[in-house]
1. Could you derive backbone 3J(HN,Hα) for segment 193-205 from the dihedral phi with the Karplus parameters 6.51, -1.76 and 1.60 (θ = phi - 60°), listing whole Hz in sequence and x where the residue is Gly or Pro?
2. Please list, in order along segment 234-246, the HN-Hα scalar couplings obtained from phi with the Karplus expression 6.51 cos²θ - 1.76 cosθ + 1.60 (θ = phi - 60°), rounded to whole Hz, x for Gly and Pro.
3. Give the calculated FRET efficiency between Q35 and R235 to the nearest 0.05, with a Förster radius of 41 Å applied to their Cβ-Cβ distance.
4. Ignoring everything but the protein chains, give the 1.4 Å probe accessible area of S114 in square angstrom, nearest 10.
5. Keeping all protein chains in position, work out how much accessible area Y178 exposes to a 1.4 Å probe, and write it in Å² to the nearest 10.
6. Would you mind computing, in nm to one decimal, how far apart the modelled labels at T165 and M183 are, each placed 7 Å from Cα along Cα→Cβ?
7. Report the label-to-label distance for R63 and A226 in nanometres (one decimal), using points 7 Å from each Cα along the Cα→Cβ vector.
8. Could you give the length gained on full extension between A20 and S255, defined as 0.36 nm per residue of separation minus the Cα-Cα distance, in nm?
Amino acid sequence: MSDAAEQMFSIVKASEGSGAPLYLQLKKNIEDAVQRGVIGPGDALPSERDIALKADVSRVTVRKAVQDLVKSGILVQRHGSGTFVAPRMERVEQSLSRLTSFTDDMARRGMTASSVWLDKGVYPPSPDEIMILGLSAKEMVARVSRLRIANDTPMAIERASLSLTVLPDPAAVGSSLYNALEMTGHRPVRAVQRISAINIGAADAKLLDVPVGSACLHIERISYLASGKVIEFTRSVYRGDAYDFVAELRLAGPSEDFGGKT
Ligand code: 16G
């Protein structure tokens, strides 16, 4: 570790004229070192014991500072291998005017899309699924839920529901849902997407490898066939630190309404 990096462990004790709690000083020093690039994404921090020795503070003080920095996403801890500066997230810019699939989006960027399956099965539908997919109460619904990954980074969790008439065997879906729909002539041609801000809960945070409560985007997509039939109802959680959704806006003509709810 460079001399400049070692500086982040120099703490001023109360007896030496500083009133700030030791863990806050240590936390700020590490945060400043990350911001100034003295230590970079992926760099390892010394062990808790070594930091305590270098800073001449207790291990409890080090733990408190490090835990706060992990919570705010500045550091990451990997079981058994230590504490690291969080990797820098390459933000993905996603157009809101084209109906594309995750697989297409990543391929266009030269990234490899992969998924971890969380669920694929047939279930009795929820009231939302009945209403949105236009099912009868007796029909079952196909659900495919996946953690979507770009290169090695988890980007989103997508939970899709479809009518069994278009996806009779969800277990047969391979790496792309839209490719599976395309094969049976059911790829959607239009979609309405609703995006809202959320603070992510513990289970989804673990899957996306982000701190609990971090800012994410909740996206609901309802997709349609050319006939106007709803084909897909997907609820997703996208990482807020990874995505910019971009929409092109044009001045409305005098006869166009603004699409708002009245
Ligand atoms: C996109 C869609 C999702 C769709 C998926 C299909 C959003 C927010 N979501 O990620 O609704 O199910 O693509 O991707 O854009 P796939 O064909 O790669 O499985």
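The values are calculated or read from the model by the stated rules, or taken from the named source; none is laboratory data. All figures in this text were calculated on a predicted structure; none of them were measured in a lab. A quick note on method: Cβ atoms are made from the backbone with ideal geometry, for glycine too, and the neighbour counts reach across all protein chains shown. Side chains included, ligands, DNA and RNA excluded: accessible areas come from the protein's heavy atoms. Shrake-Rupley method; radii C 1.70, N 1.55, O 1.52, S 1.80 Å.
1. Karplus-based 3J(HN,Hα) across segment 193-205 equals 10, 10, 10, 9, 8, 9, 9, 5, x, 4, 5, 5, 4 Hz.
2. 10, 10, 10, 10, 9, 5, x, 8, 10, 10, 10, 8, 10
3. It comes out at approximately 0.70.
4. Ignoring ligands and nucleic acids, S114 comes out at about 50 Å².
5. In the full protein context, Y178 sits at about 10 Å².
6. With each label placed 7 Å out from Cα toward Cβ, I get 2.2 nm.
7. Placing both labels 7 Å beyond Cα along the Cβ direction yields 6.4 nm.
8. Details: separation 235, 0.36 × 235 = 84.60 nm, distance 6.22 nm.
Stretched fully, the A20-S255 segment lengthens by 78.4 nm.
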